[in-house]
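S.K.: Just passing along the structure, written as structure tokens.
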Amino acid sequence: MLFDTHAHIDDNRFAGETDQVIARAQKEGVSLIVNVGYDLLHAGQSIALAEKYDFIYASVGLHPHDAKDADEKFWQEIYKLANHPKVVAIGEIGLDYYYENSPRDVQREVFRRQIRVAKDLNLPIIIHNRDAHQDTLSIVREENASLVGGVFHAFSGSWETAREVLNLGFYISVGGPVTFKNARKIVEVVEKTPLSSLLIETDCPYLTPHPYRGQRNEPAYVRFVAEKIAEIKKISYEEVAAVTKENGMRLFKINL
């Protein structure tokens with residue numbers, strides 16, 4: 001059974017189809033999903049989904065794109081939302097130097113402060129890191145984020161970066177790009193990372209795996225990620241599914 005550890009089923013691209021998308025996921029063997037909030041609106045929507053479906057959990061946080069919007073209301077609300085019994089993480093949070101929709105210094109300060117929220121509440125963090133590897137790792141170290149742990153989602157760095165992530169005790173999450181024909185770096189990361197430190201995800205509706213690349217992604221497609229990891233590591237699909245599910249349950253403290 002599969003655990004999609006990073007989904008956005010509340011995205012507008014699923015409007016009117018949410019129940020069908022979730023049913024397809026279950027049919028493909030997806031038994032757990034974390035729906036990830038990235039601002040107050042989507043945090044609330046993620047919690048609503050988690051309340052409706054017993055096998056869906058939520059995370060709450062502010063994406064680096066929107067770090068500039070972190071006013072006092074946000075900080076008050078995030079504590080309230082994070083105390084919901086089905087919220088299992090603070091995220092997605094981090095740094096994005098590719099788009100820079102928020103100034104870098106603001107991104108860094110909001111990332112630090114959200115790590116402190118996670119530590120206050122003893123929740124793991126879900127990290128978004130794009131073109132900001134060294135700053136992200138430095139902040140994780142300086143804020144002692146290893147105390148709560150977490151995951152670098154949709155990992156896109158080199159093996160050298162992955163090794164630093166693993167040394168900090170964090171998980172590496174792999175999504176659709178591992179299935180792309182031109183994938184090299186992420187294939188090397190999967191080869192060298194112990195299965196006990198890997199998670200799988202879709203990041204739907206984004207990062208759709210082959211053979212559906214270019215179309216809307218959905219949780220049912222997480223099995224293509226698991227199949228590719230099994231191929232790379234020369235182990236069974238069943239082992240990848242079972243171990244990555246156990247890893248996710250351990251990280252997010254889900255006891256079934």
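Read-outs: derived from the displayed coordinates by stated rules, not from any lab. Keep in mind that what you see is a predicted model, and the values were worked out from it rather than measured. When we count neighbours, we look across all protein chains shown, and the Cβ atoms used for this are built from the backbone with ideal geometry, even at glycine.
S.K.: Whole angstrom only: what separates the Cα centroid of region 56-93 from the Cα centroid of region 234-256?
M.R.: Spelled out, the Cα-based centre of one part sits 25 Å from the other.
S.K.: Hey, what number do you get for the chain at 222 nm if only DSSP H runs of n ≥ 4 count, each worth -39500 (n - 2.57), divided across all residues, to the nearest 500?
M.R.: Values: 9 runs with 106 residues, N = 256.
Result for the chain: -13000 deg cm²/dmol, rounded to the nearest 500.
S.K.: May I pose another question? Taking mean projected area of the Cα convex hull in nm² straight from the coordinates, which label in (i) 13.1; (ii) 12.2; (iii) 15.1 is the correct one?
M.R.: Computed from these coordinates, mean projected area of the Cα convex hull in nm² corresponds to label (ii).
S.K.: Also, I was wondering about something else. Which lysines have a Cα less than 23 Å from the Cα of Lys253, not counting those fewer than 8 places away in the same chain?
M.R.: Partners within reach: Lys52, Lys80, Lys86, Lys119, Lys245.
S.K.: Moving on. For a test of the definition: using alpha carbon positions, the gyration tensor, and the 1.5 limit on a/c, classify region 193-256 as rounded, prolate or oblate. Show your work: numbers first, answer last.
M.R.: Values: a/c = 2.41, a/b = 1.34, b/c = 1.80.
Oblate shape, in that a/c is at least 1.5 and b/c is the bigger or equal ratio.
S.K.: Using the beta-carbon distance between Leu147 and Lys52 and R0 = 30 Å, what value does 1/(1 + (r/R0)^6) give for FRET efficiency, to the nearest 0.05? It would help to have the intermediate numbers written out before the result.
M.R.: On the way: r = 32 Å, r/R0 = 1.08.
Approximately 0.40, to the nearest 0.05.
S.K.: Report the one residue of Ile90, Gln76, Pro103 whose Cα lies farthest in the direction of the positive end of the charge dipole of the chain (charges on C-beta: Lys and Arg +1, Asp and Glu -1; origin at the Cα centre).
M.R.: Sorting the options by dipole projection puts first Ile90.
S.K.: In straight Cα distance, which lysines are under 17 Å from Lys234, not counting same-chain residues fewer than 8 positions off?
M.R.: Lys192
S.K.: What do you get for chymotrypsin sites (Phe, Trp or Tyr not before Pro) in region 64-158 restricted to DSSP loop and a cutoff of at most 14 other Cβ within 10 Å of the site's Cβ? Provide the component values of the computation, followed by the final result.
M.R.: Working: sites: Phe74, Trp75, Tyr79, Tyr97, Tyr98, Tyr99, Phe111, Phe152, Phe155; in loops: Tyr97, Tyr98, Tyr99, Phe155.
Sparse-neighbourhood loop chymotrypsin sites (Phe, Trp or Tyr not before Pro): Tyr98, Tyr99.
S.K.: Sticking with this structure for a sec: How far apart, in nanometres, would the label points at Glu100 and Ser31 be if each is projected 7 angstrom from Cα along the Cα-to-Cβ direction?
M.R.: So the label points at Glu100 and Ser31 sit 4.7 nm apart.
S.K.: Quickly work out the Lys119-to-Ala242 label distance, labels modelled 7 Å from Cα along the C-beta direction, and quote it in nm with one decimal.
M.R.: Each label point is offset 7 Å from its Cα along the Cβ direction, giving 3.8 nm.
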